[in-house]
Amino acid sequence: MGIDYLRLSLTDRCNLNCIYCTPLEKNGFLPHEDLLRHEEIARAAAAFVRAGIKKIRLTGGEPLIKKNVLELVRLVRAIPGLQELALTTNGLLLGELAGDLREAGLDRVNISLDTLSRKTFREITGYDGLDKVWDGMMKSLAAGFTEVKLNVIILKGINDGEVADFAGLSAAYPVTVRFIEFFPANKRSSGFSRALFTTAETRKKIEDAFGPLVRVPAGNGGGPARVYALAGAKGKIGFISGRSGYFCGSCNRVRMDCAGRIYPCLFSPPTHSLRESLRESADDDALVDYIKNAFLIKSEYKKDSASTGHIEMSSLGG
Ligand code: SAM
């Protein structure tokens, strides 16, 4: 499978403190001087595009807290040959920024939202922000983003009572509600290992409430999701089964974290770092060759064998 999709983390900082994501360690964040600056990110992104990347997704941490993020979106969008620029966000700042992001050239938005209850939102994220995220979703639709996706993690005993409510959202709004299987990544999320709610369990809840799901084409940017729709729905329902399913064979992505480290696989350690080359002003051709080398290593990693047992989602961005 050719590698044409880069997930690009802009920062490891976040404006939420999710119970299963934010590092437990006090010094879990990278020093500021290690984080790539705008010009460095844009230059690295351009080199990735020359190495074959067609789609870039900005993530984090929370990408929208990156200073002057609109300017960065413009810089990356202007890279010749880039076909699609997408963003994954917790949605807190989307209400303010959705229109400007669209104008800056962003093509697509995914919003992470695990609950429709104000109280549970506060319990999961440590912040009373459900109204803001909802406003962010509405403003994204109003700004003209199509195929807005809601990424939902269901955890047993925390929000598994909301599966049917989320599925119902896909009937009422033109969004794709994607249920993503949780997996233990860092020390904090390992504490929730037993809370894993599988795709099969989620699907059963939906079908008990609404009847059999009908498979539909995934559309653009479907990635590893299997996509369905409720009868007469405006939107769709997707399942991403990273834990119970296995999709290494169709994986077309690499990741670069906010310090310039390249991860050929979510479950591998970083194998390359661009930061020194960027700061020592290596020429662009050298950056492209270096990135192509990192792509070659990808085929060596398979989920189970590669696992480091520790993934910092807060810096890598999922
Ligand atoms: N702040 C942005 C957001 O909230 O979408 C981007 C970064 S966040 C780390 C990206 C996604 O990773 C979120 O949808 C979050 O739910 C997911 N995530 C974090 N920890 C996870 C885990 N252990 N298993 C599965 N998904 C996880």
Inset, instruction - Please list Asp289, Asp284 in order of solvent-accessible area, largest first, computed with a 1.4 Å probe with all protein chains present. - result: Asp289, Asp284
Legend entry - Cysteines without a disulfide-compatible neighbour (Cβ-Cβ under 4.7 Å), the chain: Cys14, Cys248, Cys251, Cys258, Cys265
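Can you pull the percent of the chain's accessible area that's carbon plus sulfur, 1.4 Å probe, other chains left in place? It would help to have the intermediate numbers written out before the result.
Numbers: 7120 of 13710 Å².
Within the chain, the accessible surface is 52 percent carbon and sulfur.
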Inset, instruction - Just need log10 I(q)/I(0) for the chain at q = 0.07, 0.09, 0.11 Å⁻¹, Debye formula, equal scatterers on the alpha-carbon atoms, no solvent, rounded to two decimals. - result: -0.26, -0.43, -0.66
Legend entry - q = 0.12, 0.20 Å⁻¹, the range 113-238: log10 I(q)/I(0) [Debye, one scatterer per Cα]: -0.46, -1.24
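Could you provide, to the nearest whole Å², the per residue accessible area of the chain with probe 1.4 Å?
Numbers: 13710 Å² over 318 residues.
Roughly 43 Å² per residue, with all protein chains present.
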Inset, instruction - Tabulate in residue order the Karplus-calculated ³J(HN,Hα) for the range 230-235, using 6.51 cos²θ - 1.76 cosθ + 1.60 with θ = phi - 60°, rounded to whole Hz; enter x for Gly and Pro. - result: 7, 4, x, 6, 7, x
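Can you give the charge dipole size of the chain about its Cα centre, rounded to the nearest 20 debye, using +1 on the beta carbon of Lys and Arg and -1 on the beta carbon of Asp and Glu? Please report the intermediate quantities before stating the final value.
Details: 43 positive and 37 negative charges, 141 e Å.
Taking the Cα centre of the chain as origin, the dipole is about 680 debye.
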Inset, instruction - Output the antiparallel fraction of DSSP beta bridges having both residues in the range 5-316, as a percent to the nearest 5. - result: 25
Legend entry - By accessible area with a 1.4 Å probe, ligands and nucleic acids excluded, highest first: order of Asp160, Asp257: Asp160, Asp257
Legend entry - Top positive-direction residue, dipole computed over the chain with Cβ charges, set Leu155, Ser281, Ala233: Ala233
Inset, instruction - Count charges around Gly81 for me, please; just the other residues with Cβ under 12 Å from its Cβ, Lys/Arg as +1, Asp/Glu as -1. - result: +2
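The values are calculated or read from the model by the stated rules, or taken from the named source; none is laboratory data. The model shown is predicted, which means the values in this text are computed figures rather than measured ones. Neighbour counts are summed over all protein chains in view; Cβ atoms, including those assigned to glycine, are modelled from backbone coordinates with ideal geometry. Accessible surface is based on the protein model in full, side chains and every heavy atom, while ligands, DNA and RNA are left aside. Shrake-Rupley method; radii C 1.70, N 1.55, O 1.52, S 1.80 Å.
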